[in-house]
């Protein structure tokens, strides 16, 4: 997470995990979001709750440039206003029906969502490419202990045994869970990438052990 | 080909799904699994002493293991679902077909407990389910790195159908799928296949059809 | 919590046909209870604190209450009509408020999206105006003249038809649906949702039906209804908040939701708030 005085950016997902025309659940420190990408390729983020009946919008579907709720098909634009209520096809939904939205930035294959109004852009990630995201049932502190390194503005740099240097972006998910985005030197070979994916599985196991035993600081 | 079927059983759904994808028409014989416990009655025990469903019957062939049913349907009508025969791919297919039993025991056990009130240690079932989902996720991540969208190759095989139902229905057992991006992409790829059919708990991908444009009063 | 007026209502606690002397351990509004057959084959419900609770057996189910029911269980006169098949669909547990489960049952606008190609299908999504009232004498919520296009309205339906419905809420966690009966156009099929509140955010749902259908095997009837309810279950477990908000600012209804609006108002009026959220949080 990258903060300044007025807001922060959270890395919520990898661009590759959100193809055009799909929606997925994600979290920021401000709560659950529905993260979606329109058919034309624009990423967008809204609160993960349809204001009609409270259904999670991340269970919904994307058609064209709109996100629709799976429950009654109410659809929303990326700006959050309701576009369509299928039960009343002739009705133009009033402006008051809307979902809260968040600013989204994509850079270096990572999707960042703003909480508040950050003045700076999300950090550039030069020379590395995203590998995968995974969730650990461990707090950031336990992951730092397991990795033997602290997370800084550009993430945590971990020198894994039997693998090359790995960069981790850590996004706390609440309930002592952490979303870990794994980034690798962008020239890595296939076997290096597979090795890194396995190394991070081991790191997660160590961090979760530390968390369970309560040894993490 | 007659399938002794329960509409809410993910194992029965594997067979219905494989048949649909392979273009095989099944004769469905509904079994009152819940609340009637018909699978433990005399007629069905005579077919399958283990008292489980699905059961697939054709002539004097009686199959009681869903993996065998998938293989049979594929061999009869859609052999491409059995893979190319390349050693590594063949091994991966067997690996995931066996692994599917763990999904049944963990995710399926949690689902029966949370939904149909069957006995079980729900904490342990959910923990085992999460462990299995993580293995599947890791496997799919690696396949993705190799440029393959499915468990054993870039084409779907019986292994994908063996694993998909219990995974897709994991939330029924209180196990969220939110943390698994590779599983989400894989699941979507399966749901988008031609002739894919749903079961209760797996919704239609409405985005596969365009939004209807309807004027009021037209319908 | 126990001041809630809902404590004196009747709730389903088991299928009578499945009871035995060993009993079924379950819960009612947070209290552990046990439902069993006694030596004379009568249903008996015992509370965790040792009290014997009120019992009645009706519509295939055993009903009980933690409090003192002021009136008999609501009547479904059609249930006693000769020629109907009575269908025990069985229990399904849902992690949601019992009131959310009932509200979903009263809703038709979700049919095309959740029960796709069975109870509804695009482009037939429009909900025409219907009538809703709170009948003072019976003290029940009623919605009538509800019409919806359905591709496969019942196991006995062979093609798409515009189905007519009437909905009735005779108790806070029970609803009775009257629906066009394809084999007998002058009668209504009866489909009910009986909900056992285990906790404010957890319930056991017991669908039950009384149908005119001499053709469809019983198992098919059960599977049809289980299919429909299981399609709803994944919705019900993903609504936020879990409790039903009675604060009108929390969720936005439209004309299609008038039954839900009346249901929420009726709950509030009676202080039926077990499973409800009164103020926005």
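When each of the peptides C:126-138, B:132-144 is scored by the mean number of other C-beta atoms lying within 10 Å of its residues, the order from highest to lowest reads B:132-144, C:126-138. Among A:74, C:266, C:206, the order by Cβ neighbours within 10 angstrom, fewest to most, reads C:266, C:206, A:74.
When 1/r is averaged over all different Cα pairs and the result inverted, which Kirkwood radius in Å belongs to chain A? Intermediate values should be presented prior to the final figure.
Numbers: mean 1/r = 0.0544 Å⁻¹.
That comes to 18.4 Å for chain A.
For residue B:84 and residue C:129, FRET efficiency with R0 = 51 Å and r from the beta-carbon atoms, rounded to 0.05? Using R0 = 51 Å, I get an efficiency of 0.30.
Let me know the shape class of the stretch A:2-116, please: from the alpha-carbon gyration tensor, a ≥ b ≥ c as square roots of the eigenvalues, rounded when a/c is under 1.5, otherwise prolate if a/b is greater than b/c, or oblate. Intermediate values should be presented prior to the final figure.
Details: a/c = 2.15, a/b = 1.60, b/c = 1.35.
Note, shape of the stretch A:2-116 comes out prolate.
Taking the three principal axes of the alpha carbon atoms in chain C, the coordinate ranges are 55, 48, 36 Å, sorted in descending order.
Axis angle, to the nearest 10 degrees, between helix A:190-213 and the longest C-alpha principal axis of chain A: 90 degrees.
Overall form of the protein assembly as shown: prolate. Here a/c, set by the Cα gyration tensor axes a ≥ b ≥ c, is 1.5 or more, and a/b is the larger of a/b and b/c. Overall shape: rounded for chain B, with the ratio a/c of the largest to smallest alpha carbon gyration tensor axis below 1.5.
Taking the number of other C-beta atoms within 10 Å as the exposure measure, put A:58, C:175 in order starting with the fewest.
Details: A:58 21, C:175 25.
Going from least to most buried by this count: A:58, C:175.
Stokes-Einstein at 25 °C, 0.890 mPa s, Kirkwood radius from Cα pairs: D for the stretch C:167-249 in µm² s⁻¹?
Using the Kirkwood radius from Cα pairs, D works out to 166 µm²/s.
Compute the FRET efficiency between residue B:105 and residue B:29 as 1/(1 + (r/R0)^6), taking r as their Cβ-Cβ distance and R0 = 22 Å, and round to the nearest 0.05. Display every interim value, and only then the final one.
Working: r = 26 Å, r/R0 = 1.17.
That gives a FRET efficiency of 0.30.
As a proxy for reagent exposure, ranking B:196, B:164 by other Cβ atoms within 10 Å from fewest up yields B:196, B:164. Taking only the Cα atoms of the stretch C:1-73, the radius of gyration and Dmax are 11.6, 35 Å. Can you tell me what share of the DSSP beta bridges in the protein assembly as shown is antiparallel? A percent to the nearest 5 is fine. DSSP beta bridges in the protein assembly as shown are roughly 95 percent antiparallel. Distance between the 7 Å Cα→Cβ label points at residue C:138 and residue A:177: 4.5 nm.
For the stretch C:134-281, the Kirkwood radius over C-alpha pairs fed into Stokes-Einstein at 37 °C and 0.692 mPa s yields D = 194 µm² per second. For the stretch C:96-150 versus the stretch B:170-208, the spacing of their alpha-carbon centroids is 27 Å.
On the principal axes of its alpha-carbon atoms, the stretch B:76-140 has extents of 42, 28, 14 Å, going from largest to smallest.
For the stretch B:55-125 versus the stretch C:10-61, the inter-centroid distance based on Cα atoms is 38 Å.
Applying 1/(1 + (r/R0)^6) with r as the Cβ-Cβ distance of residue B:205 and residue B:148 and R0 = 22 angstrom yields a FRET efficiency of 0.55.
Computed over the stretch A:128-213, the range of Cα coordinates on each principal axis works out to 35, 24, 19 Å, biggest value leading.
Readers should treat all values here as calculations from the given coordinates under stated rules, not as data from a laboratory. Nothing here was measured: the structure is a model prediction, and the numbers come from that model. Methodologically, a virtual Cβ is constructed for each residue, glycine included, from the backbone with ideal geometry; neighbour enumeration extends over all protein chains shown.
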